[in-house]
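None of the figures in this text is laboratory data; all of them are computed from the coordinates on show. Note that the structure is predicted; figures quoted are calculated from it, not measured. Every residue, glycine as well, gets a Cβ built from its backbone with ideal geometry; the counts of neighbours run over all protein chains shown.
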Amino acid sequence: MLLENKIAIITGAGAGIGKATAQLFAQNGAFVYAIDIKGMEWITPEICKKEKIIPINLDICDFTAVKNAIVAIKKEHGHIDVLANIAGIISYELMPMINYEFFRKMIEVNVVALVNLMTLVSRIMQRQQSGSIINMASMVGEKGAKGQLSYSATKGAVIAATKSAAKELAEYKIRVNAIAPGMVGSERFKAVLEEKFAKKIDDIPFGRLAEPEEIANVCLFLASDNSSYLTGQVIGVDGGAII
């Protein structure tokens, strides 16, 4: 029970890494607020009661809705211990094919909304003098990727924001770290795998995609007190692809 009595907020909890992280956090004793813009049918009334997972349907780009949700959580529990920024959108296209309207939306979701969430939650954590913020970056944010310039740019910004926030919040004993996955076998990725990335699996030394649960395990480590002296780090979880 690594997260017993901790209050955690997880965005992008509808599927994939976010869903796996919400489930794992709850199994380890956390009271989880699972946020997603879409429905979260997997969170049944039985799960809400047994594992203490509360679904919140909102758009993280709606700053008013986000603030109201965080204020309500703080009012209910008096503290917020973990923020896992997992929500994000992705694109696959060569530079001449970049859709700039979608690129701007991706910046808003992947970067601007993430920074806003960090800012709001860190105000509460500052008064506590404790807390862990986990941001979902990507291997391509560190090394780039052909056909993913726009997405790589947003994840590079997440890495920079993580390191800057870690420096700013360290005096308040707030840890800020990022995870940089490689290719993860989520439902969303598998839908485009055969069309665009089938041959890239050969570039992964482990010879397979990561499972969402394997990324969630690293989120659990960063959320728990086992990472009490770790901040400003970008942890690659990519099966050796970045070596």
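Just a few scattered comments:
- Helix 149-169 vs. the chain, principal-axis angle (Cα, 0 to 90°, nearest 10): 30 degrees
- Using alpha-carbon coordinates, inclination of helix 16-27 to the longest axis of the chain, degrees: 30 degrees
- Among I159, I133, I37, residue whose mean-square fluctuation peaks in a GNM of the chain (springs only between Cα atoms under 10 Å): I37
- Between helix 113-128 and the chain: long-axis angle, C-alpha atoms, 0 to 90°, nearest 10: 30 degrees
- Taking 7 Å steps out from each Cα toward its Cβ at L94 and H79 produces label points 5.4 nm apart.
- Compactness of the chain, expressed as Rg and Dmax over alpha-carbon positions, Å: 17.1, 50
- Distant-in-sequence amide H partners of V176 (H built 1.01 Å from N, under 5 Å): I133, G232
- With a threshold of 22 Å on the Cα-Cα distance, the over-threshold entries among K49/K74; K6/K50; K74/K155 are K74/K155.
- Placing +1 on the Cβ of every Lys and Arg and -1 on the Cβ of every Asp and Glu, with no other charges, gives the chain a dipole of roughly 480 debye about its Cα centre.
- The chain - share of DSSP beta bridges that are antiparallel (%, nearest 5): 0 percent
- Spatial offset of the stretch 221-243 relative to the stretch 55-113 amounts to 22 Å, using the alpha carbon center of each.
- Computed [θ] at 222 nm, helices only, for the chain once each DSSP H run of length n ≥ 4 contributes -39500 (n - 2.57): -13000 deg cm²/dmol
- Distance in nm between pseudo-label sites at S130 and Q27 (7 Å out along the Cβ direction from Cα): 2.5 nm
- Contact order normalised by residue count of the chain, Cα under 8 Å, 6+ apart, percent: 20 percent
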